[in-house]
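The values are calculated or read from the model by the stated rules, or taken from the named source; none is laboratory data. Since the model is a prediction, treat every value here as computed from it, not as a measurement. All Cβ positions, even for glycine, are placed from backbone atoms using ideal geometry, and neighbour counts span all protein chains on display. With ligands, DNA and RNA removed, areas are computed over all heavy atoms of the protein, side chains included. Shrake-Rupley method; radii C 1.70, N 1.55, O 1.52, S 1.80 Å.
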Amino acid sequence: MVRFLLRAVLLLFALGFAHSAEVTVELPEHLVPGAVMQGQVIITDPATAVTRVDLPAVNGLTWELQGQTQSTTMINGLVTRRDIRGLALRADQAGELQLPAITVHLRDGSTLTTAPRALSVHAADPALTGDGAAEASFAPSTIVPGEPTTLTFRLALREGTVRTLGVAPPTGTVVLGERTDEKSSTIGADGQQWTVFLFHWRLTATAPGVLTVSGQQEVLQQIGGSFFDDRVSRRQIPIKPATLTIASLPSVGRPADFTGLIGPVTVSAQLDRARISAGEGARYSVTVHGQQVDLLRPPALALPANVQVYAKDAETLPDGRRFAWDLAPSAPGQVTLPAIAFSFFDPETRAYRRAETPTLTLTVVPGRAASLSITGATAPTPDVSNTPAISPPSAVLLPLEEIGFELSARQQLIAGGATFVVALLAAVAWPRRGRRPSVHRGRALAQAVRANDLDAIARALQALTPVLSDPAACDEGQRAAAAALARAVDAARFGGQHIGKGSLRPLASVLESLP
């Protein structure tokens, strides 16, 4: 039993921290003709042991597997296992190589494949001399405020330089996402292998101007030559500068409703129901996808007077924003939801454009009213002065003796026995069957209000309609309380208005005594 529980715990632990297997390939930044360069095939969390790695034939390239290492790491409770196979690559001549997928075979018969890659072959970079080289670049190098660009910082270091310090985006920019990193290798002008680090930031600027990335990058260089001598020295590597120009937005053709939205922008509109009954509600929403959608103001929605419009709070999405309204038409017909437009600046055309939603139609068919028809006035007294008198219907009752009959003693005995049996059966069955309790509508309404169940409150008010319409059954205060309660419930159900817990109880207490 203990062994079974231990296995179950280990299985749950493995399932909790396992993630899907994958294979990736790390290649040099580029190949140098005739030079042997190093790469890696990394199999992460394979389901079973790796039995074979197939390298497809590529014209102009000689590559083979060299060495194997395995590693296991745990970060924040996540266990990762890696099977790493070394790669040696040598290209014959300069040009562009198209590397097909590498296939990894596992012991259970399954396979993993890498994505195809393109790899350039050219001479060594003559700028790679000394201890390292650093440069920055922007793509695109000219933007307008709010338009995104990508800053790439490339740092190449000779073997023996252990790590970098203080890599961060420049001040005066707004970072739009997490930094992404890449690591590869290359050959320097001295014929030695260098390690290349690439850091990418997606960012933007909020005001026109010129931004220059330059200065010195500090790194640590290993100077000790053994395990017991791990001394390092700090070195400064100059950064080849890069310039980002932030141009002003053009004033010519700028729409009056432009709020700073930068394209590309896409919009869509949805109705949760295209066909409803009069008195019911429908949800209409408009979704905008693009950059800086938080600058948008809720658009105006103009609809006919017979449609109540209740605006909802704007919803922020990962790559957009959604505006929504609850619509409550009071009469049947066709409700046209007009197109809603948003102005934005298109960086590609350097011009202002508009994105519009499609025009939608909501069909409203006749149906039961959603609210109660309760008025404070009493029912009018009919004028019976000119109404001819109508005699009540009469019935002729026959004397009992004329329809009676005599029973013999034997018949009386049988009838009495049958009556006793029926009474006995009824007495036995009655407790089991039970009686359906009568519903007290006022107390049912109070119970629904205490539960804050809007649908149950609406049903309870509907059930009270006959009582509220009878002047003799309720007073003016009870009718006014019912009307106020109906308005509050409709506004919450169809308009999204918040009702505080317990705020409706005073109105319900006035109506609780109604039968």
What about V104, is it over 22 Å from V196 (Cβ atoms) and open to solvent by less than 30 Å² (accessible area, probe 1.4 Å)?
yes
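One residue is enough: does the range 85-94 have a residue meeting the conditions closer than 27 Å to L203 by Cα, of a type in the set (D, E, K, R) and part of a strand (DSSP E or B)?
Let us first name the residues in the range 85-94 that are closer than 27 Å to L203 by Cα, namely none.
The answer is no, given that none of the residues of the range 85-94 is closer than 27 Å to L203 by Cα, of a type in the set (D, E, K, R) and part of a strand (DSSP E or B).
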Of (1) in a strand (DSSP E or B); (2) of a type in the set (A, V, I, L, M, F, W, C); (3) open to solvent by 30 Å² or more (accessible area, probe 1.4 Å), A127 satisfies every one except (1)
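Yes or no: the range 75-84 includes at least one residue that is among the charged types (D, E, K, R), in a strand (DSSP E or B), under 30 Å from T186 (Cβ atoms) and open to solvent by less than 30 Å² (accessible area, probe 1.4 Å). Steps first, please.
So in the range 75-84, the residues among the charged types (D, E, K, R) come out as 81-83.
Okay, now just the ones that are also in a strand (DSSP E or B), so 81-83.
This time we only want the ones that are under 30 Å from T186 (Cβ atoms), so: 81-83.
When the remaining residues are screened for being open to solvent by less than 30 Å² (accessible area, probe 1.4 Å), the result is 83.
Yes, the conditions are met somewhere in the range 75-84.
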Answer yes or no as to whether V2 is over 28 Å from L157 (Cβ atoms) and modelled with pLDDT of 90 or more.
no
Could you please find all residues in the range 465-484 being in contact (Cβ under 8 Å) with a residue 60 or more places away in the chain and under 20 Å from R505 (Cβ atoms)?
L468, R479, A480, A482, A483
Suppose we filter the range 174-206 for residues that are modelled with pLDDT of 85 or more and part of a loop (DSSP other than H, G, I, E, B); how many remain?
3
Test each condition in (1) within 27 Å of L360 (Cβ to Cβ); (2) in a loop (DSSP other than H, G, I, E, B) for G263 and report the one that comes out false.
(2)
Members of the range 44-93 that are out of contact with any Leu (no Cβ under 9 Å at 6 or more places or on another chain) and small (G, A, S)
A57, G67, S71, G77
Say we look at the range 275-294 and pick out the residues that are at pLDDT 90 or above and surrounded by fewer than 19 Cβ atoms within 10 Å (Cβ to Cβ); which of these is nearest to P347 (Cα to Cα)?
H289
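Just checking, does the range 137-152 include any residue being open to solvent by 70 Å² or more (accessible area, probe 1.4 Å) and of a type outside the set (D, E, K, R)? Steps first, answer last, please.
Keep residues of the range 137-152 that are open to solvent by 70 Å² or more (accessible area, probe 1.4 Å), which gives none.
No: zero hits.
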Quick check on my filter: what residues within the range 342-358 are exposed (fewer than 15 other Cβ atoms within 10 Å of the Cβ) and either more than 30 Å from V252 (Cβ to Cβ) or within 25 Å of the chain's Cα centre (by Cα) (or both)?
E356, P358
Condition (residue is at pLDDT 85 or above and either closer than 28 Å to A324 by Cα or polar (S, T, N, Q) (or both)) applied to the range 426-448: is it met by at least one residue?
yes
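Out of the residues in the range 185-207 that are within 18 Å of L151 (Cα to Cα) and hydroxyl-bearing (S, T, Y), state the one that is surrounded by the most Cβ atoms within 10 Å (Cβ to Cβ). Show your work before the answer.
Taking the range 185-207 and keeping what is within 18 Å of L151 (Cα to Cα), we get 196-207.
Okay, now just the ones that are also hydroxyl-bearing (S, T, Y), so 204, 206.
Numbers: T204: 20, T206: 13.
By that ranking, first place goes to T204.
Out of the residues in the range 39-74 meeting the condition of being assigned to a strand (DSSP E or B), among the hydrophobic types (A, V, I, L, M, F, W, C) and under 25 Å from V196 (Cα atoms), tell me which one is most open to solvent (accessible area, probe 1.4 Å). Explain how you work it out, then say what you get.
Residues of the range 39-74 assigned to a strand (DSSP E or B): 39-44, 50-54, 61-74.
If we keep only those that are among the hydrophobic types (A, V, I, L, M, F, W, C) as well, we get 41-43, 50, 53, 61, 63, 65, 74.
Then drop every residue that is not under 25 Å from V196 (Cα atoms), which leaves 41-43, 61, 63, 65.
On the way: V41: 0, I42: 19, I43: 0, L61: 18, W63: 32, L65: 67 Å².
That would be L65.
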